[in-house]
Amino acid sequence: MYCDILVIGAGVLGLSSACHLKRRNPGKRVLVIDMFGGPGQGNTAKSAGIFLNLYASVANYLLADSTIDWLFHLQNGLGYDLGLAKYGYLYLLSGARHDALRGPIERMRRNGVEVRTFERGELERMMPDLVTEFGDEEAELMGLEPVEHGVLGVKCGCVDTDALARSLESELLKLGGEVAYNTTASGLILRPERELGVAGEPFVWQGVHVAGAETDRGEIRAVTTVVAAGVWSERLLGAVGIDPMMRPKKRVMFVFKDPRLQRLWGARGFSEYDALPFTHMPGIRVYLKADLAEGSIWLGCADDFGRRYGLEDDPQPESSLYSNNIYHALVRYFPCFEGVRPVNMWAGQRSINRYDTVPVVAPSPGMIYVGSATGSGITKCDALGRTVAAVYAGEEEVELYGGRWLEAASIGIEKRSVEKETFKV
Ligand SMILES: Cc1cc2nc3c(=O)[nH]c(=O)nc-3n(C[C@H](O)[C@H](O)[C@H](O)COP(=O)(O)OP(=O)(O)OC[C@H]3O[C@@H](n4cnc5c(N)ncnc54)[C@H](O)[C@@H]3O)c2cc1C
């Protein structure tokens, strides 16, 4: 089979890239393949589905903020129901952590991020289930930090990631793009720039380029191959000597639905939704999300140090991570979780760029890699898709949704020039 542009991966990044490539190159044949049976069934489906613009690094902020504007355009302008709700992203912080973040918060404000801050008393009124100080020996032994401040990103909230992936697929098909599911790429095809027709090509002394992929349905030749295979990208790229600047790491999510959590779910005053904002707990590597559709609370464990790197095709959640671990600290902050057990759980993998946490869009001969989104691929998907299309067109600057610009090479590998993210809790 032959196409002009082959996109490997029908997650949000592959589909967004394919949409922008096809929109800008209507005459080219754009084909997306995925090893799963439908759009967004990799880590897109496993994500917490949060969009946020709380970044101090200009590149991270532009990628996220412009994508959020575009998500609302997709829903309100193009008519896709993405279940968008701007209900905020709240960091609960001790005084010491808040002091350490003053610089990055100021930086975010200067960039244009709308941030609201709360003091302990306000948080206690708005979240009556929250315990903000402990003062007992056990809490001290556990190292639990008091909650003295709240920092809320206003332009943040949740999106239905399944609806997002389906809407991108639908836009692509409307533009005349093609998708082929249940199709696995086993490797990239490397060919010499000038074929000599001699056995053993390509030789080390020949210029080589990626010329498509071997798949379980046969060879797919392409002039340009976009590798958007998420955490699996390292399998395809590592085999041809390309470093995707990321390593996969598991993250586990738990779901709770219990009347004892009802008041917490409906925390008032943070947004027009009168629902718990996406909430990061101080120091215990746990976040909570109110799921508006099902009335449940999701809990994610952001354990990083101590959690091993490594690609897993089917990562499994460890139920003991909640019951023998997170639970002890969680019930001290939120006693309403006492005796409450998860009704569901799953695990996915994030592609972590530990160095600067900014995603990567990097060309190599015959291909473009997009990924290394470090847990923020949903929130940056449109901007990254536009960057892929700009790199394909050989443009130096990417016009993001809403008319802001980003230097394409700045998020590449060879000429990478992004600041490290400093808003880290
Ligand atoms: C638990 C968890 C919570 C998260 N929460 C958030 C969040 O709240 N907000 C946010 O912005 N981000 C979040 N993320 C990160 C987000 O899910 C990812 O950044 C995003 O989904 C990456 O999209 P992708 O298209 O690169 O990857 P994927 O969605 O994984 O898509 C890659 C696709 O490539 C396909 N593929 C791989 N290899 C091959 C092959 N050889 N042949 C054919 N097909 C192949 C896979 O089947 C897959 O469908 C979270 C991630 C996890 C794990």
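Within the range 126-145, the set of residues being without any contact (Cβ under 8 Å) to a residue 60 or more places away in the chain and within 21 Å of Leu90 (Cβ to Cβ) comprises Thr132, Glu133.
Pairs are defined by a Cβ separation below 6 Å, a sequence spacing of at least 6 or placement on different chains, a first member in the range 154-165 that is within 13 Å of Tyr273 (Cα to Cα), and a second member that is near the ligand (Cβ under 10 Å from one of its atoms); the pairs so defined are Cys156/Leu52; Cys156/Tyr89; Cys158/Gly49; Cys158/Ile50. Looking across the range 384-413 at every residue that is over 25 Å from Phe72 (Cβ atoms) and in contact with a strand residue (DSSP E or B) (Cβ under 8 Å, 6 or more places away or on another chain), the one that is farthest from the ligand (Cβ to nearest atom) is identified as Glu396.
The condition (being under 17 Å from the mean Cα position of the chain (by Cα), more than 8 Å from the ligand (Cβ to nearest atom) and not in a strand (DSSP E or B)) is satisfied by just one residue among Ala59, Ala18, Ala48: Ala59.
Conditions (1) within 12 Å of the ligand (Cβ to nearest atom); (2) of a type in the set (A, V, I, L, M, F, W, C); (3) in contact (Cβ under 8 Å) with a residue 40 or more places away in the chain, marked per residue:
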position: Tyr322; (1), (2), (3): no, no, yes
position: Ile326; (1), (2), (3): no, yes, yes
position: Tyr333; (1), (2), (3): no, no, yes
position: Asn353; (1), (2), (3): yes, no, yes
position: Pro363; (1), (2), (3): no, no, yes
position: Asp382; (1), (2), (3): yes, no, yes
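Residues in the range 37-44: is at least one surrounded by fewer than 24 Cβ atoms within 10 Å (Cβ to Cβ), in contact (Cβ under 8 Å) with a residue 12 or more places away in the chain and more than 7 Å from the ligand (Cβ to nearest atom)? Within the range 37-44, one or more residues are surrounded by fewer than 24 Cβ atoms within 10 Å (Cβ to Cβ), in contact (Cβ under 8 Å) with a residue 12 or more places away in the chain and more than 7 Å from the ligand (Cβ to nearest atom).
Has the range 69-86 got any residue that is touching a residue at least 12 places away in the same chain (Cβ under 8 Å), part of a loop (DSSP other than H, G, I, E, B), in contact with a Pro (Cβ under 9 Å, 6 or more places away or on another chain) and within 16 Å of the ligand (Cβ to nearest atom)? No, the range 69-86 contains no residue that is touching a residue at least 12 places away in the same chain (Cβ under 8 Å), part of a loop (DSSP other than H, G, I, E, B), in contact with a Pro (Cβ under 9 Å, 6 or more places away or on another chain) and within 16 Å of the ligand (Cβ to nearest atom).
Kindly evaluate Thr161 against the criterion of being within 30 Å of Tyr327 (Cα to Cα), within 11 Å of the ligand (Cβ to nearest atom) and modelled with pLDDT of 95 or more. For Thr161, the condition - within 30 Å of Tyr327 (Cα to Cα), within 11 Å of the ligand (Cβ to nearest atom) and modelled with pLDDT of 95 or more - is met.
To keep it simple, each residue is scored yes or no on (1) within 13 Å of the ligand (Cβ to nearest atom); (2) over 21 Å from Val343 (Cβ atoms).
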site	(1), (2)
Thr224	no, yes
Trp232	yes, yes
Lys249	yes, yes
Pro259	no, no
Ser271	no, yes
Asp274	no, yes
Ser296	no, no
Phe305	no, yes
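Looking across Gly143, Gly79, one residue alone is exposed (fewer than 12 other Cβ atoms within 10 Å of the Cβ) and within 19 Å of Val286 (Cβ to Cβ). It is Gly143. Restricting the search to strands (runs of 3 or more DSSP E) fully inside the range 246-353 and requiring at least 2 residues that are over 27 Å from Phe118 (Cα atoms) and hydrophobic (A, V, I, L, M, F, W, C) gives 247-256, 344-352. For beta carbons closer than 9 Å, sequence separation of 6+ or different chains, a first residue in the range 113-124 that is part of a loop (DSSP other than H, G, I, E, B) and a second that is of a type in the set (S, T, N, Q), the qualifying pairs are Val113/Asn53; Glu114/Asn53.
The values are calculated or read from the model by the stated rules, or taken from the named source; none is laboratory data. From a predicted model like this one, the values you see are computed outputs, not experimental measurements. As a convention, Cβ positions derive from the backbone with ideal geometry for all residues, glycine included, and neighbour counts pool all protein chains shown.
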